[in-house]
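Working notes, structure below.
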Amino acid sequence: MDITSLTVHELMEKLEKKEINSVEITKAYVDRINDKEKDVKAFVTTTCDDAMKRAKEIDNKKENGEKLSPYAGIPIGIKDNMCTKGVRTTCSSKMLENFISPYDATVVEKLNDEQIISLGKLNMDEFAMGASTEYSYFKKTANPWNLNTVPGGSSGGSAAAVAAELVPWALGSDTGGSIRQPASFCGVVGLKPTYGLVSRYGLVAFASSLDQIGPITKDVRDAAMLLNIIAGHDERDTTSYEAPKKDYVKALKNDVKGLKIGIPKEYFGEGINPEVKAKLEEAIETYKKLGAEVEEFSLDIATYALATYYIIACAEASSNLGRFDGIRYGYRTENFSNLKELYRNSRSEGFGPEVKRRIILGTYVLSSGYYDAYYKKAQQVRTLVKKEFDRAFEKYDVLLTPTSPTVAFEIGTRSNNPLEMYLADICTVSLNIAGLPGISIPCGVNSEGMPIGMQLIGNKFEEEKILNAAYTFEQEYKFRDKYKPDLCKK
Amino acid sequence: MSRDNYELVMGLEVHSELSTKTKIFCSCPTEFGGDPNTHTCPICMAMPGTLPVLNEKVVEYAVKAGLATNCEISRNSKNDRKNYFYPDLPKSYQISQFDKPLCEHGYIEIEDDEGNPKKVRITRIHIEEDAGKLNHSDFGGESLVDLNRAGVPLIEIVSEPDLRSSGEVDRYLKKLKSILEYIEVSDCKMQEGSFRADVNVSVRKKGASEYGTRTEMKNMNSFRAITRAIEYEADRQVDVLEDGGKIEQETLRWDDVSGKTFSMRDKEDAQDYRYFPEPDLVAIRLSQEYIDNIKANLPEMPESRRERYITDFNLTEKEARLLTASKYLSNIFEGAEKICGNAKAVANWLLSDISRILNEKEMEPSDIPFTAEHLAKLVELIEKGTISSAIGKKVVTELFENPKDPEEIIKEKGWIQISDEGAIKEVVEKIIAANPQSVADYKAGKDKAIGFLVGQAMKETKGKANPQMLNKMFIEELK
């Protein structure tokens, strides 16, 4: 049995039937990490020994007849911007290279409650700023489909680890596309939930009004299951939404008959790679064949979303990252003779260039004299973007777009051109601006065999609709049966 | 004196710590003191990933303060971030309120220097968090950060530039303090820094319609310091203007030891706080019922108590006003009156000896160490003739040092009044023999001489003799 090629729901079936135990599962992943991590470089920190210990404990408990969560003994990988008590949380930054949080993030507590076992912390762009994971202080993660290309970002470690079968599933975070775009580049499923569905407590903040934690998985059913675990109101996060708990797995009906799908034409215009466009058009045909009602429409405000996003995200980041000042924790320069130098040198030496760029941008747009022209204007546009999406969802159940205008690009080709890097987010940022849920699923590969992602956008708290639409396509298209990175051909 | 040609114009920014049990964004205690960094948690230490949760009590207390100062309460309010770097500010931003404060457009009434009623307008009251403290000494030139105070809730009360003298400022602050104490939202302890005032001072030629350039003074931690600082700064500004100079808009630090103000930062460092809405908190929305309910349950305010004291206890307007100026004084008054039933005597003690000692010791009524029961007992002991008023004064002094039952104090100290006729007679005879001139004066018709003789007898007995008996006996003996 090839354990690491199985999805989580397949693993759970086998656990349930006692065909396999947690030690075997965990061991298979530890072996796989030992074998392939050197090529993929997805982890900042692995916790394999601890994972094996916990797997044994869980198996013992089961043997002693204790009733455990159905997820007990399933491993996971966690993006390195979610706080884990006792295991360092670096945000892939020199600033937090040796930082150990005194508490667990709410999502980590939820994983622990289900006795899900962490295999370690996954690489990312520093403080989640980037679209290629090249801005990690520690290492450049490789895309398992072609080790010379990037896995996307900022949750590149999470997407690459799932694609390379180093973890069965992972948590990512998405501020402007950081779950969906790497999922698209790595041929896996990535879901950004509605803003407020998952608690942000313990997620090291990049842009507070945009950040959201979500699953990166091998298939849609796994994404629905992981969302079941992490969703829900948290009294420690007042922006989290109070609503009755849903079972997202129940939403997977494999039926899109009568589903109204809107195609915003702006997302298929200039800048979209023709091969990407062609695959998306095939997917649209598939939906039509399955009985969905597809219609093209205009969402022209979306063209302003990227500019709006970079103003709001950078403004919030400039404030959120102020706490990394070398005073209480994190990196402190050795080179200072007064307080100003302590601040300046600690931050100059501790942050990488992209983080500094965004702090400077954000500081600028909030400065007196510029606030009205930038931040305030961006907030006004944000309101318009929300309104335009509201109007779209009066007509459509879900919207369909590419996740990214291109497939994964080669390492080093964009990292010195910030503007071009920012364009990688063009299809994804408007959802964060509007607080909407979105899922990226693979819908094919290009002529070089690199995966192409399709994004399905839902109305607020209508994750069920996009999950069902994604699931129905997945069942029809069977991407996982057709394509696999060479790294996973065994 | 050139000051006479100028008018002082002042507005105040008062920060008052709210007396909620827990901090504004986490559940750490707000208690003053404690070993450094023991009243802290990941949230108030700004550990990565933590989020604030607004303490509802803070909103309630601020609304109370707004209602008690005649403000309009905003039903739609929000928090904003004020960004700046300082080691006592762990998040590098203070969560405050910028353009939508909880309370706006209020006023409180004070007396001007002529004793006429005057309204001082309140621009706004908003909620925010306090910063921690830096300990600079004792660590070989290093500074250590104590975050116990970080996240203690504050209200900032901003007045319009309506104040025209240091006397008005003093009365405004005392009135404000008294209101906050009455509604029980703040302890207002200046020494502990839970009630702090920044004063914006400018001067202008009398009759001028435009305001002069203002300076902002910080770091005054007593009413006396505030008065001194204002007088100093007004003189300084007038001198500058009279010499043909210009006032620089700047922030000044008052130094109480030298009695001078010093510039805190130069203009190059002018702060840009980059305020923006706090994305980690949802907007504050209050229902009209919520506000009405707080209004209906506001405690009795000083004005109402004052009226009651005049009608129920026959106190003078002045006595009633002085007693109600402080909730603590007023509460001791009411407590003691209830026990001993002698309002006039209780008021006298509070307004004469006790107030004098408070003044001397630079204490506030909230620092009075003894209870209403103690004071009532003192009044009763004098009424019964167990001690004289003169001994009463000594008991009060003792109560400040060593607060306990006055009966015990006088027993321990041997201060019980001499009411024994034989003993009194002995003293009277001794004093008559020693003061022939006064005796002669009295016999020549100078009735006042009796007072002198009684005084001498009290001195002789160290105040323990019953003064009424002495008086009577001198008159008899000298017939």
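The values are calculated or read from the model by the stated rules, or taken from the named source; none is laboratory data. Since this is a predicted model, take the numbers as computed values, not measurements. Glycine gets a Cβ as well: all are built from the backbone with ideal geometry, and neighbour counts include every protein chain shown.
Within the range A:29-52, does at least one residue satisfy the condition of being of a type in the set (G, A, S), within 21 Å of the chain's Cα centre (by Cα) and assigned to a strand (DSSP E or B)?
No, there is no match, as no residue in the range A:29-52 is of a type in the set (G, A, S), within 21 Å of the chain's Cα centre (by Cα) and assigned to a strand (DSSP E or B).
Taking the range B:408-460, which residues are among the β-branched types (V, I, T) and either in contact (Cβ under 8 Å) with a residue 40 or more places away in the chain or in contact with a Ser or Thr (Cβ under 9 Å, 6 or more places away or on another chain) (or both)?
Correct list: B:I410, B:I416, B:I418, B:I424, B:V427, B:V428, B:I431, B:I432, B:I450.
If you go through the range B:280-302, how many residues are part of a helix (DSSP H, G or I) and farther than 30 Å from B:L322 by Cα?
Number satisfying all stated conditions: 6.
Report the residue count in the range B:355-381 for those that are outside any loop (DSSP other than H, G, I, E, B), among the aliphatic types (A, V, I, L, M) and buried (at least 21 other Cβ atoms within 10 Å of the Cβ).
Matching residues across the range B:355-381 total 5.
Being farther than 30 Å from A:G453 by Cβ, of a type outside the set (V, I, T) and not in a loop (DSSP other than H, G, I, E, B) is the requirement here; does A:R357 meet it?
For A:R357, the condition - farther than 30 Å from A:G453 by Cβ, of a type outside the set (V, I, T) and not in a loop (DSSP other than H, G, I, E, B) - is not met.
Can you pull out the residues in the range A:355-408 that are touching a helix residue (DSSP H, G or I) at 6+ places or on another chain (Cβ under 8 Å), closer than 28 Å to A:E463 by Cβ and of a type in the set (F, W, Y)?
A:F389
Could you list all residues from the range B:364-415 that are of a type in the set (S, T, Y), modelled with pLDDT under 90 and closer than 29 Å to B:K174 by Cα?
B:S366
Only one of A:I100, A:I78 is among the aliphatic types (A, V, I, L, M), within 14 Å of another protein chain (Cβ to nearest Cβ), within 22 Å of the chain's Cα centre (by Cα) and within 30 Å of A:R332 (Cα to Cα); which?
A:I78
Mind checking which residues of the range A:68-123 are of a type in the set (S, T, N, Q) and either more than 19 Å from A:M52 (Cβ to Cβ) or part of a loop (DSSP other than H, G, I, E, B) (or both)?
Once the filter is applied, which keeps residues that are of a type in the set (S, T, N, Q) and either more than 19 Å from A:M52 (Cβ to Cβ) or part of a loop (DSSP other than H, G, I, E, B) (or both), the range A:68-123 yields A:S69, A:N81, A:T89, A:T90, A:S92, A:S93, A:N98, A:S101, A:T106, A:Q115, A:N123.
Quick one: in the range A:319-367, of everything that is of a type in the set (G, A, S) and surrounded by fewer than 17 Cβ atoms within 10 Å (Cβ to Cβ), which residue is nearest to the other protein chains (Cβ to nearest Cβ)?
Looking at residues that are of a type in the set (G, A, S) and surrounded by fewer than 17 Cβ atoms within 10 Å (Cβ to Cβ), I get A:S367.
Pick from A:I229, A:I179, A:I216: which is touching a residue at least 12 places away in the same chain (Cβ under 8 Å), surrounded by fewer than 24 Cβ atoms within 10 Å (Cβ to Cβ), among the hydrophobic types (A, V, I, L, M, F, W, C) and more than 14 Å from every other protein chain (Cβ to nearest Cβ)?
Just one listed residue meets the conditions, A:I229.
Anything in the range A:437-453 that is in a strand (DSSP E or B) and crowded, with 24+ Cβ neighbours inside 10 Å? List them, or say none.
A:G438, A:I439, A:S440, A:I441, A:P442, A:C443, A:P451, A:I452, A:G453
Within the range B:51-74, how many residues turn out to be hydrophobic (A, V, I, L, M, F, W, C) and within 14 Å of chain A (Cβ to nearest Cβ)?
5
Do the conditions hold for A:S404, that is, is it more than 11 Å from chain B (Cβ to nearest Cβ) and either touching a residue at least 60 places away in the same chain (Cβ under 8 Å) or part of a loop (DSSP other than H, G, I, E, B) (or both)?
Yes: the conditions hold for A:S404.
Among the residues of the range B:352-367, are any within 22 Å of B:L470 (Cα to Cα) and either in contact (Cβ under 8 Å) with a residue 60 or more places away in the chain or within 25 Å of the chain's Cα centre (by Cα) (or both)?
No, that holds for no residue.
Name the pairs whose Cβ atoms lie under 6 Å apart, with the first residue in the range B:291-314 and of a type in the set (V, I, T), the second in a helix (DSSP H, G or I), and 6 or more positions between them or separate chains?
Listed pairs, sorted by first residue: B:I294/B:V63; B:I294/B:K64; B:I310/B:A320.
Here is a list of conditions, (1) away from chain B (no Cβ under 14 Å); (2) modelled with pLDDT of 95 or more; (3) surrounded by 21 or more Cβ atoms within 10 Å (Cβ to Cβ); (4) in a helix (DSSP H, G or I), and A:A305 meets all of them except one; can you say which number that is?
(2)
Can you find a residue in the range A:35-46 that is among the small types (G, A, S), surrounded by 23 or more Cβ atoms within 10 Å (Cβ to Cβ) and touching a helix residue (DSSP H, G or I) at 6+ places or on another chain (Cβ under 6 Å)?
The answer is yes; a qualifying residue exists.
Go through the range B:180-199 and report how many residues are among the polar types (S, T, N, Q) and buried (at least 20 other Cβ atoms within 10 Å of the Cβ).
2
Scan A:N143, A:N148 and give me the residue that is of a type outside the set (S, T, Y), more than 18 Å from A:Y29 (Cα to Cα) and surrounded by fewer than 24 Cβ atoms within 10 Å (Cβ to Cβ).
Only one candidate qualifies: A:N148.
Check B:P36, B:P87, B:P48 and return the single one that is touching a Cys at 6+ places or on another chain (Cβ under 8 Å) and either in contact (Cβ under 8 Å) with a residue 24 or more places away in the chain or within 14 Å of another protein chain (Cβ to nearest Cβ) (or both).
Criteria check complete, one pass: B:P48.
Out of (1) surrounded by 17 or more Cβ atoms within 10 Å (Cβ to Cβ); (2) within 14 Å of another protein chain (Cβ to nearest Cβ); (3) in a loop (DSSP other than H, G, I, E, B), the odd one out for B:Q94 is which?
B:Q94 satisfies all of (1) surrounded by 17 or more Cβ atoms within 10 Å (Cβ to Cβ); (2) within 14 Å of another protein chain (Cβ to nearest Cβ); (3) in a loop (DSSP other than H, G, I, E, B) except (3).
For the range B:5-25: of the residues being touching a residue at least 40 places away in the same chain (Cβ under 8 Å) and surrounded by fewer than 22 Cβ atoms within 10 Å (Cβ to Cβ), which is farthest from B:E233 (Cα to Cα)?
So the residue we want is B:T20.
Any residue at all in the range A:192-206 that is touching a residue at least 24 places away in the same chain (Cβ under 8 Å), closer than 25 Å to A:K482 by Cα and within 14 Å of the chain's Cα centre (by Cα)?
No.
Just one of B:K133, B:K177 is buried (at least 24 other Cβ atoms within 10 Å of the Cβ) and not acidic (D, E); which is it?
Among B:K133, B:K177, only B:K177 is buried (at least 24 other Cβ atoms within 10 Å of the Cβ) and not acidic (D, E).
Select from the range A:186-203 the residues that are of a type in the set (A, V, I, L, M) and not in a loop (DSSP other than H, G, I, E, B) and write down the one among them that is nearest to the other protein chains (Cβ to nearest Cβ).
A:L203
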